[in-house]
Amino acid sequence: MTEIFSLYGQQDSQGPAGPSALGFGSGKPQVPQNMGPMCFQHQMVDEGGPIRKPAAMNEPFYLLRELPLENELTGHTNLITHYNLEHAYNKFCGKKVKEKLSNFLPELPGMIDSPGIQDNSSLRSLIEKPPVCNNSFSPLTGAMLTGFRLHTGPLPEQYRLMHIQPPKKKNKHKHKHLRPQDPLPPETPSDSDHKKKKKKKDDDPDRKKKKKDKKKKKNRHSPDHPGMTGAQPSGSSLR
Amino acid sequence: MAEKFDNLEEHLEKFVENIRQLGIIVSDFQPSSQTGLNQKLNFMISGLQDIEKCRQQLHDINVPLEVFEYIDQGRNPQLYTKECLERALAKNEQVKGKIDTLTKFKSLLISELGKVFPEEMAKYKAIHGEDPPS
C-alpha cells in the first residue's frame, strides 16, 4: 500500500507519468506539469471513458468506492421472527411430524402411502403429461349410462386392491365420524329385533354384576375355598 | 383466505366419499344397484364441476413442485415445510456468522491500519465517517 501512496508523490516531482505506468491505456495526451494529479485523472476519464465512478476518482485513495447502501434486511436479523413465522416453526419443527402421507390425510381411503410410480398415479406424471379432455363437464345421458351396466357378482381378485386399508391404530378416544356407513343389505324386521334383544341381553350391566356374584358364591361354597367355614354369604352382594 | 380452502376441502371430501361408495357398489354389484351406480356417476361429474368452480378463487395460489415429490413418495407434505424452515434457519445462521466475522475483521483491519498508516486512515475516516462499533 505504501507503493500506491508514493506513486502520487513521484508524479508531483517528476511530472505526469505515461499512461502505461498508471495502467489507463494508450494514446493519452500529455498534461502540463503544473497541473496536479487530480486534473490529470479527470482528463483521462473524459477521453478513455468512465473507468471508475467519478466520486471515487476524486478521492485520494486508489479504487476507493462509495460504500453500498445499507439494506435494512440482511442475514444478520432473524428472518423467522421478522416474517412472524415463529408459530409455524414451533408447529413443524418443535413437534415431531409423522412421516407417512396417511398421517396427514387420515380420512382418505385406500393405500396412499405407497409410491405413486408403482400404480402410475403420481402427480408428477399428471403435470408432465396432462390428460387430454374437453373444457366442460357434462352429465351423462341415458344412452351414455348404458355403457355402465355391470355384471353381477364380486370383482375379480386383481381389481380388489382399493379395499385394502392400512391397519389403523386404535385410538383411546374414539371419535364419531360423520361418514355414512357402508351400504349393507337391508335387514328383515324379525332378524333385527332378535339381534337387538340378544345384544341387549349381553350388554345389560346388571346381568354382568349378577353373573359375577354367582361366581363368587360358587367359589365360597366350593370345598376347595380356603375361607370356607359354612357361614352365610355376606349382605354386601349386590342384586 | 381460509374460506376458499375450506370450500375446496369440503368439495374434495364429498367427491372422495362419493368415489369410495362407488367402489363399494362396484365391488359386489347387484342388478338393483344400477340406479344407485348411475346416481353416483352423475354425482362424480357434478363434484368435478364444483371443484372446477373453486379453481377461480385459487388462481393466485402457487404450490412448489417439490411438494409433489413428497406426495408421490407417500410422505407427509408437512415434512417439506419443516425442511424448508430448517434450511432457512440454517442458512440464516450461516450468513449471520459470515456478517459477524467480516464485521470483526473490518474493525480489526481498521484498527491495525490506523496503527501503521495513521494519516491515511484519518483521511479515510474523514471520507467515510466513523465506523460503528462492532
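Looking only at helices (runs of 4 or more DSSP H) that fall completely inside the stretch A:74-149, which ones have 1 or more residues that are more than 22 Å from B:Gln73 (Cα to Cα)? Show your work before the answer.
Values: elements: A:79-82, A:86-89, A:101-104, A:123-128, A:142-145.
The qualifying helices (runs of 4 or more DSSP H) are A:79-82, A:86-89, A:142-145.
Would you mind stating whether B:Ala122 is of a type outside the set (Ser, Thr, Tyr), more than 10 Å from chain A (Cβ to nearest Cβ), more than 30 Å from A:Leu101 (Cα to Cα) and without any contact (Cβ under 8 Å) to a residue 60 or more places away in the chain?
Working: of a type outside the set (Ser, Thr, Tyr): yes; more than 10 Å from chain A (Cβ to nearest Cβ): yes; more than 30 Å from A:Leu101 (Cα to Cα): yes; without any contact (Cβ under 8 Å) to a residue 60 or more places away in the chain: yes.
Yes: the conditions hold for B:Ala122.
Of the residues in the stretch B:114-134, how many are modelled with pLDDT of 95 or more and of a type in the set (A, V, I, L, M, F, W, C)?
Within the stretch B:114-134, residues that are modelled with pLDDT of 95 or more and of a type in the set (A, V, I, L, M, F, W, C) number 1.
Going by the structure shown, is B:Leu22 farther than 18 Å from A:Leu145 by Cα and either more than 10 Å from every other protein chain (Cβ to nearest Cβ) or of a type in the set (Gly, Ala, Ser) (or both)? Let's see the steps before the verdict.
Values: farther than 18 Å from A:Leu145 by Cα: no; either more than 10 Å from every other protein chain (Cβ to nearest Cβ) or of a type in the set (Gly, Ala, Ser) (or both): yes.
So B:Leu22 does not fit the description; no.
Criterion first (crowded, with 16+ Cβ neighbours inside 10 Å and free of Cβ contacts under 8 Å to residues at least 12 places away in the same chain) does B:Leu102 satisfy it?
On the way: crowded, with 16+ Cβ neighbours inside 10 Å: no; free of Cβ contacts under 8 Å to residues at least 12 places away in the same chain: yes.
When the stated conditions are applied, B:Leu102 does not pass them.
Suppose we filter B:Asn92, B:Asn76, B:Asn42 for residues that are over 29 Å from B:His11 (Cβ atoms) and either in contact with an Asp or Glu (Cβ under 7 Å, 6 or more places away or on another chain) or facing another protein chain (nearest Cβ under 7 Å) (or both); which single one remains? Quick ask: steps written out before the conclusion?
Numbers: B:Asn76 fails: over 29 Å from B:His11 (Cβ atoms); B:Asn42 fails: over 29 Å from B:His11 (Cβ atoms).
Result of the check over B:Asn92, B:Asn76, B:Asn42: B:Asn92.
Would you say B:Lys40 is part of a helix (DSSP H, G or I) and open to solvent by less than 50 Å² (accessible area, probe 1.4 Å)? Outline the logic, then answer.
Details: part of a helix (DSSP H, G or I): yes; open to solvent by less than 50 Å² (accessible area, probe 1.4 Å): yes.
Here the answer is yes, as B:Lys40 does meet what is asked.
Just to check your reading of the model, which residue among B:Ile25, B:Ile61, B:Ile45 is within 30 Å of A:Gly142 (Cβ to Cβ) and in contact with a Phe, Trp or Tyr (Cβ under 9 Å, 6 or more places away or on another chain)? Let's see the steps before the verdict.
Working: B:Ile25 fails: in contact with a Phe, Trp or Tyr (Cβ under 9 Å, 6 or more places away or on another chain); B:Ile61 fails: within 30 Å of A:Gly142 (Cβ to Cβ).
Criteria check complete, one pass: B:Ile45.
Could you tell me how many of the residues in the stretch B:27-36 are assigned to a helix (DSSP H, G or I) and surrounded by fewer than 17 Cβ atoms within 10 Å (Cβ to Cβ)?
Let us first name the residues in the stretch B:27-36 that are assigned to a helix (DSSP H, G or I), namely B:27, B:31-36.
If we keep only those that are surrounded by fewer than 17 Cβ atoms within 10 Å (Cβ to Cβ) as well, we get B:27, B:31-32, B:34-36.
The number of residues fulfilling the criteria is 6.
Against the definition (open to solvent by less than 80 Å² (accessible area, probe 1.4 Å), small (Gly, Ala, Ser) and under 27 Å from A:Gly116 (Cβ atoms)), how does B:Gly74 come out, yes or no? Steps first, please.
Numbers: open to solvent by less than 80 Å² (accessible area, probe 1.4 Å): yes; small (Gly, Ala, Ser): yes; under 27 Å from A:Gly116 (Cβ atoms): yes.
Answer is yes for this residue.
Can B:Asp60 be described as among the acidic types (Asp, Glu), within 17 Å of the chain's Cα centre (by Cα) and surrounded by fewer than 12 Cβ atoms within 10 Å (Cβ to Cβ)? Write out each step before concluding.
Working: among the acidic types (Asp, Glu): yes; within 17 Å of the chain's Cα centre (by Cα): yes; surrounded by fewer than 12 Cβ atoms within 10 Å (Cβ to Cβ): yes.
For B:Asp60, the condition - among the acidic types (Asp, Glu), within 17 Å of the chain's Cα centre (by Cα) and surrounded by fewer than 12 Cβ atoms within 10 Å (Cβ to Cβ) - is met.
Which residue is surrounded by the fewest Cβ atoms within 10 Å (Cβ to Cβ), if the candidates are limited to the stretch A:102-116 and must be facing another protein chain (nearest Cβ under 7 Å) and within 20 Å of B:Leu65 (Cα to Cα)?
Selected residue: A:Pro115.
Do we have B:Gln34 as modelled with pLDDT under 90 and out of contact with any Leu (no Cβ under 7 Å at 6 or more places or on another chain) here? Even if it seems obvious, please write down each step before you answer.
Values: modelled with pLDDT under 90: no; out of contact with any Leu (no Cβ under 7 Å at 6 or more places or on another chain): yes.
So B:Gln34 fails the test.
The values are calculated or read from the model by the stated rules, or taken from the named source; none is laboratory data. Everything numeric here is computed off the predicted structure, so don't read it as measured data. When we count neighbours, we look across all protein chains shown, and the Cβ atoms used for this are built from the backbone with ideal geometry, even at glycine. The protein model used for the area step is the full one, side chains on, heavy atoms only, and it has no ligands, DNA or RNA in it. Shrake-Rupley method; radii C 1.70, N 1.55, O 1.52, S 1.80 Å.
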